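Contents: one structure, followed by commentary.
FYI, it's all coordinate maths here, none of it is from the lab. Everything numeric here is computed off the predicted structure, so don't read it as measured data. Note: ideal-geometry Cβ built from the backbone for every residue, glycine included; neighbour counts use all protein chains shown.
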Amino acid sequence: MRFTLYIQAESKVTAGEFAALKQIEIKDDEELEELMVEVDILTECQHNNIVGIKEAFFFEQKLWVGVNCNLTQSFPSRKLVD
């Protein structure tokens, strides 16, 4: 498993709401299954010491995970879609 990219994204629905997008390159189906179990568990967790997952999706052999963003850290900004 390799983390290839982190970017900061702003919600189009809720002004001022940000997330960090983590892109993970997936090598095989087994790795994807393991990560999806972790995503399912972390989606259900609600704790101050656990980064909350907002959304996850699989696209072009990459798993994209949107997590709550701490704006005290800066990530490169990119416009992904219009």
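For region 2-68, what does the relative contact order come out to in percent, with C-alpha contacts under 8 Å and a separation of six or more?
Relative contact order comes out at 32 percent.
Based on the alpha-carbon gyration tensor of region 2-68, what equivalent-ellipsoid semi-axes (square roots of 5 times the eigenvalues) come out, in whole Å, largest first?
Working: eigenvalues 88, 48, 17 Å².
That gives 21, 15, 9 Å for the three semi-axes.
Along the Cα→Cβ direction, 7 angstrom out, place labels at SER11 and HIS47. What is the inter-label distance in nm?
So the two model labels end up 2.4 nm from each other.
Within region 1-53, which trypsin sites (Lys or Arg not before Pro) sit in a loop by DSSP and count at most 16 neighbouring Cβ atoms inside 10 Å? Provide the component values of the computation, followed by the final result.
Numbers: sites: ARG2, LYS12, LYS22, LYS27; in loops: LYS12, LYS27.
Here the sparse-neighbourhood loop sites are LYS12, LYS27.
Counting other Cβ atoms within 10 Å of each Cβ, which GluC sites (Glu not before Pro) in region 1-51 have at most 14 and sit in a DSSP loop? Let's see the in-between values first.
Working: sites: GLU10, GLU17, GLU25, GLU30, GLU31, GLU33, GLU34, GLU38, GLU44; in loops: GLU17.
Sites meeting the loop and neighbour criteria: GLU17.
Evaluate the charge dipole of region 2-68 about its Cα centre and quote only its size in Debye, nearest 20, assuming +1 on the Cβ of each Lys and Arg and -1 on the Cβ of each Asp and Glu.
On the way: 6 positive and 14 negative charges, 92 e Å.
Dipole of region 2-68, to the nearest 20 debye: 440 debye.
List the aspartates and glutamates whose Cα lies under 16 Å from the Cα of LYS27, skipping any in the same chain that are fewer than 8 positions away.
Output for LYS27: GLU60.
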